[in-house]
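The values are calculated or read from the model by the stated rules, or taken from the named source; none is laboratory data. Just so it is clear, the structure is predicted and the values come from calculations on it, not from any experiment. So basically every Cβ, Gly included, is an ideal-geometry build from the backbone, and we count neighbours across all protein chains shown.
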Amino acid sequence: MSAPNFWDDQEKAQTLVGKLRSLKAVLKPFDEMLAELTDLELMFELDDDELSAEIPEKLKHLEEQLEELETKALLNGPYDGNAAIVTVNARDGGTDANDWAEMLFRMYSLWAKSNGYDVELLDWQENEEAGINSCGFVVRGPMAYGYLKGEAGMHRLVRISPFNSESKRQTSFAAVDVSPEIDDSINIDIRDEDVREDTMRASGAGGQHVNKTSSAIRLTHIPTNTVVYCQMERSQHKNRAMAWKMLRARLIRAEEEKRELAMAEKYKNMAKVGFGSQIRNYFLHPDQRVKDSRTGYQVGNFHQVLDGGIQGFLDAFLRWRVV
C-alpha cells in the first residue's frame with residue numbers, strides 16, 4: 001500500500017484494502033487477547049489480594065474474546081473475506097410482503113452501519129402501494145460475505161397487517177439471496193452467447209434511490225436462468241460492469257455450493273418458496289420473537305433484531321454449519 005502507484009488501479013487497490021481490513025479484524029483482537037493473558041500471568045505472580053480480586057472478571061472477558069475468535073475462525077471459505085452482494089425480493093403476502101422486503105433491507109443496512117461496513121445500492125424496485133418489489137445492494141467490510149451468506153433463504157413475518165382494515169393477522173415472505181463480490185482475478189468461463197442483455201429505463205419512483213435515465217441493464221444467463229439487474233448508476237457502462245460482476249458472483253456462488261456437499265445435504269429437501277421453507281421466523285403477533293429454523297437460536301425482542309441486531313443469528317449459523 002505504500003507503493004507510489006498503489007492507487008493507480010482503484011478496483012485492485014480497494015480489494016487489497018478490504019483484505020487488509022479482514023486480516024486486521026482477526027489479528028487485532030488476537031494480539032489484544034495475548035496482551036491481556038500476559039497481564040494475568042503477572043497478576044498471579046504478584047500475589048496481591050487487590051489484584052487477585054480482578055482476576056475472575058478478566059478471565060471472563062478473555063473467555064468471551066476467545067469464543068468470538070473461535071467463531072471468526074469459522075470464516076474460512078474461499079470467498080468469506082469478500083464483500084457481499086445481497087438481493088431481497090418480496091414473495092407471498094401481497095403488500096405486506098413488499099413492506100417486509102423493505103424492512104429487511106433496513107435491517108441489513110443498520111447491521112452494516114453498526115459494524116462500520118459500507119452499503120452501496122445497486123437496484124431499487126418500489127411497489128406502487130408500499131414497500132419494494134426487490135432491491136440489490138453490496139455490503140463491504142471485513143468478512144461481509146462470510147457473515148451474511150447464511151442469510152440466503154426465505155424470511156417469514158407474522159404480524160397484524162397495517163394494510164388490512166380488519167386488522168387481521170398476516171403472514172408474508174421475502175427471499176434473500178447472497179453472493180460474494182469478486183474481482184477480475186477470479187476466472188469463470190461465461191460464453192457471450194449464453195448471456196442475453198436487455199437495456200431499459202430505470203424503474204421506481206425516483207427520488208433518493210433511482211436515476212431515471214435509460215441506463216438500466218438486465219443480464220440473463222440462459223443455461224442457468226440466472227437474472228441480475230443493475231440500475232443505480234447514470235452511466236450505462238457502469239451499470240453493465242456491475243451487472244456482469246453480479247452475474248459472475250452468482251455463478252461462482254453456485255459452484256461453491258456444489259462443492260459444499262455436507263451443507264447441501266442439509267438443504268436438499270428445503271423448498272425455495274412458500275410455507276414451510278423459511279430459514280427464519282419473525283413474530284410480532286401473538287408474541288414478539290425471532291427464531292432461526294436451522295439453528296434454533298432465538299431473540300425475544302423483535303424490534304432489536306429489525307434494528308440490525310442480527311449478529312447472534314450470524315454467529316449461530318457459522319457454528320451450526322460445522323456441527
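Worth pointing out:
- Residue in region 279-294 that is assigned by TED's automatic domain parsing to the domain that holds Arg91, in contact (Cβ under 8 Å) with a residue 40 or more places away in the chain, of a type in the set (Val, Ile, Thr) and closer than 19 Å to Trp111 by Cβ present: yes
- Matching option when the condition is more than 21 Å from Pro286 (Cα to Cα) and touching a Phe, Trp or Tyr at 6+ places or on another chain (Cβ under 8 Å), among Val178, Val138: Val178
- Qualifying residue in region 236-255 (condition: in contact with a helix residue (DSSP H, G or I) (Cβ under 6 Å, 6 or more places away or on another chain) and of a type in the set (Asp, Glu)): no
- Some residue of region 44-53 being surrounded by 14 or more Cβ atoms within 10 Å (Cβ to Cβ) and either at pLDDT below 85 or assigned to a helix (DSSP H, G or I) (or both): yes
- Selection of region 144-158 for residues being surrounded by fewer than 20 Cβ atoms within 10 Å (Cβ to Cβ) and outside any strand (DSSP E or B) yields only Ala152.
- The residue pairs whose first member lies in region 225-244 and is under 17 Å from Pro180 (Cβ atoms), whose second member is exposed (fewer than 15 other Cβ atoms within 10 Å of the Cβ) and of a type in the set (A, V, I, L, M), and whose beta carbons are closer than 8 Å, counting only pairs six or more residues apart or on different chains, are Thr226/Ala254.
- Of the residues making up region 79-91, those that are modelled with pLDDT of 90 or more and not hydrophobic (A, V, I, L, M, F, W, C) are Thr87, Asn89, Arg91.
- Looking only at region 123-171, and only at residues there that are in contact with a Cys (Cβ under 8 Å, 6 or more places away or on another chain) and not charged (D, E, K, R), the one that is farthest from Glu70 (Cα to Cα): Gln125
- Taken together, Ser165, Ser161, Ser172, Ser134 contain a single residue that is crowded, with 23+ Cβ neighbours inside 10 Å and either modelled with pLDDT under 95 or not assigned by TED's automatic domain parsing to the domain that holds Lys238 (or both), which is Ser172.
- Residue within region 13-30 that is more than 30 Å from Ile252 (Cα to Cα) and surrounded by 11 or more Cβ atoms within 10 Å (Cβ to Cβ) present: yes
- Given (1) at pLDDT below 90; (2) part of a strand (DSSP E or B); (3) surrounded by fewer than 22 Cβ atoms within 10 Å (Cβ to Cβ), number of the condition Gly207 does not satisfy: (2)
- Criterion applied to Asp123, Asp99, Asp92, Asp48 was being more than 13 Å from the chain's Cα centre (by Cα) and without any contact (Cβ under 8 Å) to a residue 12 or more places away in the chain, and the one residue passing it is Asp48.
- When Asp92, Asp118, Asp123 are screened for being assigned by TED's automatic domain parsing to the domain that holds Glu256 and crowded, with 23+ Cβ neighbours inside 10 Å, only Asp123 passes.
- With respect to the conditions (1) without any contact (Cβ under 8 Å) to a residue 40 or more places away in the chain; (2) touching a strand residue (DSSP E or B) at 6+ places or on another chain (Cβ under 7 Å), Arg159 falls short on a single one, namely (1).
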